[in-house]
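Here is the structure we will look at.
The values are calculated or read from the model by the stated rules, or taken from the named source; none is laboratory data. As the structure is a computational prediction, the values presented were derived from the model and not from experiment. Using ideal geometry, Cβ is built from the backbone for each residue, glycine included, and neighbour counts are taken over all protein chains shown. Quick note on the areas: whole protein, heavy atoms, side chains included, nothing else; ligands and nucleic acids left out. Shrake-Rupley method; radii C 1.70, N 1.55, O 1.52, S 1.80 Å.
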Amino acid sequence: MKKEKVIVILLLIIAVFSCKSTENEKEVVFFNKSKEVVESKFPFPIGYVNDYEDMFTNDEEQKLEKLIDDYEKESTNVIAVVTVSSYQPYDNIEDYSLALANDWGVGRKDKNNGLTIVINKLKREIRISTGLGTEETLTDEICKKVIDSVIVPEFKNENYYRGIEKGIGSLIKQR
């Protein structure tokens, strides 16, 4: 009897520690990129917020993730925020942003409704690229206005989180 209890306890311990934690590990399923794809000029997407330059605190990243996730659940539109120090091998942020969005497959494949915000803090550049399914509502003019009048004023005061949060809020209101 004692041996059976030990075996049951061991099995429970093994079961608990072998289960994948879903609370801390978020699988990105909204990108049309397979994890098997290894050859790419871009890093693998880690979530809605891909802060490769540590512009945001963990708390700020989580708040942006929630904001974007709530919006995606409501509208099916997908927003990716990406911070980079370089856009090599591309010559400019526009080409890099569009190629990144296409490589990652930001948005739903059947709707092409992605929106990618790329920020290069070092060069003080930002670009918003839209998928074909969002560009009618979010034209280049609207995106430029949001960048110039909402995001950049906050960035000038080094309020990067606030700039992106307000910028995303403004873009969401446009739909």
- Message: Here is a check on your reading of the model: is GLU154 in a helix (DSSP H, G or I) and open to solvent by 20 Å² or more (accessible area, probe 1.4 Å)?
- Response: yes
- Message: Condition first: over 18 Å from LYS173 (Cα atoms) and in a strand (DSSP E or B). Now tell me which residues in the range 107-144 satisfy that.
- Response: VAL118, ILE119, ASN120, GLU125, ILE126, ARG127
- From the set of residues in the range 50-106 that are under 19 Å from GLU154 (Cα atoms) and of a type in the set (Val, Ile, Thr), which is nearest to the chain's Cα centre (by Cα)? VAL81
- Query: Can you tell me how many residues in the range 134-168 are touching a residue at least 60 places away in the same chain (Cβ under 8 Å) and not hydrophobic (A, V, I, L, M, F, W, C)?
  - Reply: 3
- Members of the range 81-114 that are among the aromatic types (Phe, Trp, Tyr) and closer than 18 Å to GLY47 by Cβ: TRP104
- Query: Any residue in the range 140-147 that is over 17 Å from VAL78 (Cα atoms), out of contact with any strand residue (DSSP E or B) (no Cβ under 6 Å at 6 or more places or on another chain) and either open to solvent by less than 60 Å² (accessible area, probe 1.4 Å) or of a type in the set (S, T, N, Q) (or both)?
  - Reply: yes
- modelled with pLDDT under 90, in a loop (DSSP other than H, G, I, E, B), within 28 Å of LYS173 (Cβ to Cβ) and not hydrophobic (A, V, I, L, M, F, W, C): does that describe LYS20? no
- Say whether the condition of being surrounded by 23 or more Cβ atoms within 10 Å (Cβ to Cβ), within 16 Å of ILE68 (Cβ to Cβ) and free of Cβ contacts under 8 Å to residues at least 24 places away in the same chain is met by at least one residue in the range 118-133. yes
- Task: Output the residues belonging to the range 61-104 that are open to solvent by 10 Å² or more (accessible area, probe 1.4 Å), within 23 Å of GLU136 (Cβ to Cβ), of a type outside the set (Val, Ile, Thr) and outside any helix (DSSP H, G or I).
- Result: ASN77
- Item | Residue tally, condition at pLDDT below 95 and open to solvent by 40 Å² or more (accessible area, probe 1.4 Å), over the range 159-175 | 3
